[in-house]
Amino acid sequence: MSSYSTSEFKSGLKIMMDGDPYTILENEAVKPGKGQAFNRIKIRNLKTGKVLDRNLKSGDTVEAADISELDVQYLYGDGQFWHFMNPENYEQLAADATAMGDSKNWLKGEELCKIMLWDGKPLAVTAPIFAILKVTETDPGARGDTVTGGSKPAKLETGATVKVPLFINEGDLIKVDTRSAEYIARAK
Amino acid sequence: MNDWQPTASLDNLRLRAELLTKLRVFFAARNILEVDTPALSRAGATDRHIQSFRVEDDRRGHLYLHTSPEFPMKRLLAAGSGDIYQLCKVFRSGEAGRLHNPEFTMLEWYRVGFDHHQLMAEVAVLIGGLIPELGPPEFLTYREAFQMHAGFDVATSGSKECIAALNRAGRRVPAEDQLDHDGWLDMVAGDLVYPALGKGRLTFIYNYPASQAALARVWPGETPVAERFEAFVDGVELVNGFHELADAAEQRRRFETDGTYRKQHGLMDVPMDERLLSALGHGLPDCAGVALGFDRLVMVAAAARSLEEVIAFPADRA
């Protein structure tokens, strides 16, 4: 098993901490002229996304996290797992709801996603930045009301709900930014 | 590749030269003698947190690049030199980063008949003269600084209070047994206390825990304290000074304790300086001494964020 010494720390390094994989966001070595040196790191838990500050004694080693990333194609969801395929070798992978996070809101089939693997198992799935999806349910827009800039909730074919402008109707296709879950434009 | 170029601006290099000149004028005006002691020697620093570079000499075997000119300067003091100062390159293995370079310029001076309070006052005059933008200096005991910035009293607490203070600041830390009490105090100091010091002025911390005396005298009392001080500007440690230990037997005991620690922790075995011990045995005049990181002083004067802005060629470009 590989490990890193605190002297090798830099941002982006993937390490194990208390049994979870983390990525290092910031690292500062604090070395008093006389006295114990330590490293102050800001790390993000790759499972939960939680960010925390941690101090380590300089010279300590931590286990490396076995993290890799793959481009995969979304196939289907069975209610419990979301299934993907690696287009290079047709190998299939299944991600659970935790790994899917909000990405599950934007997938209907065939999208190319990024999947982060920890010890070969899916840890996090990232949907394409933009998704074009059909509105399946929304209140009828007030006619002519394009000026006030109001918005209303709309349910999409994937089951997700986003805020849309009042002029959007059921059956319309809209473009959504999957990072912020925000409506971008009406799509053709 | 553009890495032949200096990382420091030419303006900062000019400021560096100007500060060097002013330092020499300051010491000349006070009749403090400039001296020059060896960078390479048979003995080295045993300090557990400072690592020496060891080099090979065909005739003399292992030699050590000095991490500070302190030992030979004390030999000069014992020989009757009177007040002395030195500006020199020192070398510390494994130190690199925003505030560290493995070789750096140190200003070290000794005042015969001074204690650490008198020397702190002189440090304040020197730095205040070089960086006039700084406000009036502040003087805090180690204990006061911890009370103000870490929220606990070092005189009545142990490792647990250190860990609690770090946790209150949102830091996860190693298990308690990973560090000794001084290690925990160092972490609190480096993480919570020191960064808060010296906002727009020079802040001195003095009277360290006796266990962190290094080469300072210990003032016995209900809570013994080391007559040691450091000073900070904008959280950056600039100086470390002592009312110097003159007791040869006590010095030998501290060297031996360091040596044992180094063995236990797999650190390079560095021979203790027997010539320093002989000099102390002969008699070191009552004096106080201080080391100032010159590159950091330039950094503060230039309002720079990192040493590479004031060092022409840091380690990566050396």
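The values are calculated or read from the model by the stated rules, or taken from the named source; none is laboratory data. These figures come from a predicted structure and were not determined experimentally. Cβ coordinates were reconstructed from backbone atoms using ideal geometry, including for glycine residues, and neighbour counts include every protein chain displayed.
Yes/no matrix, rows are residues, columns are (1) acidic (Asp, Glu); (2) within 24 Å of B:Ala29 (Cα to Cα); (3) over 16 Å from the mean Cα position of the chain (by Cα):
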position	(1), (2), (3)
B:Leu77	no, yes, yes
B:Gly82	no, yes, yes
B:Tyr85	no, yes, no
B:Cys88	no, yes, no
B:Glu95	yes, no, no
B:His100	no, no, no
B:Tyr110	no, yes, no
B:His116	no, yes, no
B:Ala121	no, yes, yes
The stretch B:185-230, residues that are in a helix (DSSP H, G or I), at pLDDT below 95 and more than 10 Å from chain A (Cβ to nearest Cβ): B:Ala210, B:Ser211
Failed criterion for B:Arg171 (all others in (1) within 18 Å of A:Glu28 (Cβ to Cβ); (2) more than 14 Å from chain A (Cβ to nearest Cβ); (3) not aromatic (Phe, Trp, Tyr) hold): (2)
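Being among the acidic types (Asp, Glu), farther than 20 Å from B:His100 by Cβ and within 11 Å of another protein chain (Cβ to nearest Cβ) is the filter here, so list the residues in the stretch A:1-51 that pass it.
We begin by selecting, within the stretch A:1-51, every residue among the acidic types (Asp, Glu); these are A:8, A:18, A:20, A:26, A:28.
Keeping just the survivors that are farther than 20 Å from B:His100 by Cβ gives A:18, A:20.
If the condition is that a residue be among the acidic types (Asp, Glu), farther than 20 Å from B:His100 by Cβ and within 11 Å of another protein chain (Cβ to nearest Cβ), then A:Asp18 is the only one that fits.
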When residues of the stretch B:35-79 are limited to those that are part of a loop (DSSP other than H, G, I, E, B) and free of Cβ contacts under 8 Å to residues at least 12 places away in the same chain, the one surrounded by the most Cβ atoms within 10 Å (Cβ to Cβ): B:His49
Count of the stretch B:174-184 residues which are within 11 Å of chain A (Cβ to nearest Cβ) and touching a helix residue (DSSP H, G or I) at 6+ places or on another chain (Cβ under 6 Å): 3
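So that you can scan it fast, the table gives a plain yes or no per residue for (1) within 30 Å of B:Glu230 (Cα to Cα); (2) at pLDDT 95 or above; (3) among the small types (Gly, Ala, Ser):
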{"residue": "A:Glu8", "(1), (2), (3)": "yes, no, no"}
{"residue": "A:Gly12", "(1), (2), (3)": "no, no, yes"}
{"residue": "A:Pro21", "(1), (2), (3)": "no, yes, no"}
{"residue": "A:Leu25", "(1), (2), (3)": "no, yes, no"}
{"residue": "A:Ala29", "(1), (2), (3)": "yes, no, yes"}
{"residue": "A:Lys34", "(1), (2), (3)": "yes, no, no"}
{"residue": "A:Arg54", "(1), (2), (3)": "yes, yes, no"}
{"residue": "A:Ser58", "(1), (2), (3)": "yes, no, yes"}
{"residue": "A:Ala64", "(1), (2), (3)": "no, yes, yes"}
Qualifying residue in the stretch B:123-134 (condition: within 14 Å of chain A (Cβ to nearest Cβ), in a loop (DSSP other than H, G, I, E, B) and either without any contact (Cβ under 8 Å) to a residue 60 or more places away in the chain or surrounded by fewer than 16 Cβ atoms within 10 Å (Cβ to Cβ) (or both)): no
